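Readers should treat all values here as calculations from the given coordinates under stated rules, not as data from a laboratory. Note that the coordinates shown come from a computational prediction; the quantities given were computed from them, not determined experimentally. Cβ placement follows ideal geometry from the backbone for every residue including glycine, while neighbour counts extend to all protein chains displayed.
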Amino acid sequence: MTNPFDVAAEAAAKIAELSGIANHDIALTLGSGWAKAADLIGETVATIPATQIPGFSAPAVAGHVASIRSIKLPNGKFALVLGARTHYYEGHGVRRVVHGVRTAAATGAKTMILTNGAGGIKETWKPGTPVLISDHINLTADSPLEGATFIDLTDLYSKRLRDLAKTVDQSLDEGVYCQFRGPHYETPAEVQMAKHIGGHIVGMSTALEAIAARQSGMEILGLSLITNLAAGIQKTPLSHAEVLEAGRDAEARISALLAEIITKI
Ligand code: HPA
């Protein structure tokens, strides 16, 4: 079987070839509601359809963007923006889920910013609230690590980067992200379980990616946009349309926030 790190190295080489940028410094995965950040953080040097890069495929979900962008930041560093996340629920296996993160590391990125749209358990969070991920609970019963690869996950979501984000916006709250397998939303009972075991945010991405990013030695910043209160916390049924709408409404604001955070990294 092909080694996933070899595929990531091939992907990074192709990105270097097509973008003309030999090394990237920082990488971002932009989830629901965060896409506009790509337009705000700097000057786009190259936009590459994800399908031209080894190991990537077109995303399965409407509202997710399938391109990889190379962006020159005002400080002269280069950011790699992954607009094409593969979700665990797509059923392509966990290697594909973390391929973007491993590719980012292979391009040289030392910082991985993982963003998502997610459900909020804390009732004080209104839809449209950005929240820093302080830790996670991986409820997928899976791991991107293969074999006897014992990796420490203490301070997985860097305290240094969370503190730095708070210097940009002191009102930023933090929470523990619970990754469910999806693609169904959680039942109200599952949301109560998540709450009781210490979760504040529920979603279908990010935790597996963060583990792979740590394995590759990157420093991680995780940000969730609360698109809705989680099932049973909000009294109305959940819908993907509502999630997308909350993302659109908050996009300009949270993208500007992220752009400002990036200038400080
Ligand atoms: N649960 C899981 N994933 C989500 C949610 C949710 O409530 N909202 C947006 N993505």
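Brief remarks follow.
- Segment 71-225 - percent relative contact order, Cα under 8 Å, separation 6 or more: 39
- Backbone phi angles across segment 238-254, fed through the Karplus curve with coefficients 6.51, -1.76 and 1.60 (θ = phi - 60°), yield HN-Hα couplings of 8, 9, 4, 4, 5, 4, 5, 5, 4, x, 4, 5, 8, 3, 4, 5, 6 Hz in residue order; Gly and Pro are listed as x.
- Rounded to whole numbers, the Karplus 3J(HN,Hα) couplings from phi for segment 39-49 are 7, 9, 7, x, 9, 5, 8, 7, 10, 10, x Hz, using 6.51 cos²θ - 1.76 cosθ + 1.60 with θ = phi - 60°, and x at Gly and Pro.
- Residue among 207, 231, 141 with the largest mean-square fluctuation in a Gaussian network model of the chain, springs linking Cα atoms under 10 Å: 141
- Sequence-distant residues sharing a close amide H with residue 231 (under 5 Å, placed H): 186
- Rounded to 10°, Cα long-axis angle of helix 4-19 versus longest principal axis of the chain: 70
- Rel. contact order, % - alpha carbon contacts under 8 angstrom, at least six apart, the chain: 26
- Within segment 87-121: backbone nitrogen closer than 16 Å to the residue 17 label point (7 Å, Cα to C-beta): 107
- Backbone HN-Hα couplings from phi across segment 221-229 [Karplus 6.51/-1.76/1.60, Hz, Gly and Pro as x]: 10, x, 9, 10, 8, 6, 8, 6, 7
- Convex hull of Cα atoms in segment 1-150, direction-averaged projection (nm²): 10.1
- The alpha-carbon of residue 235 sits under 18 angstrom from the alpha-carbons of these lysines, leaving out residues fewer than 8 places away in its chain: 122, 126, 195.
- The H on the amide N of residue 223, modeled in the peptide plane, is under 5 Å from the matching H of 114, 115, 116, 133, each at least 5 residues off or on a different chain.
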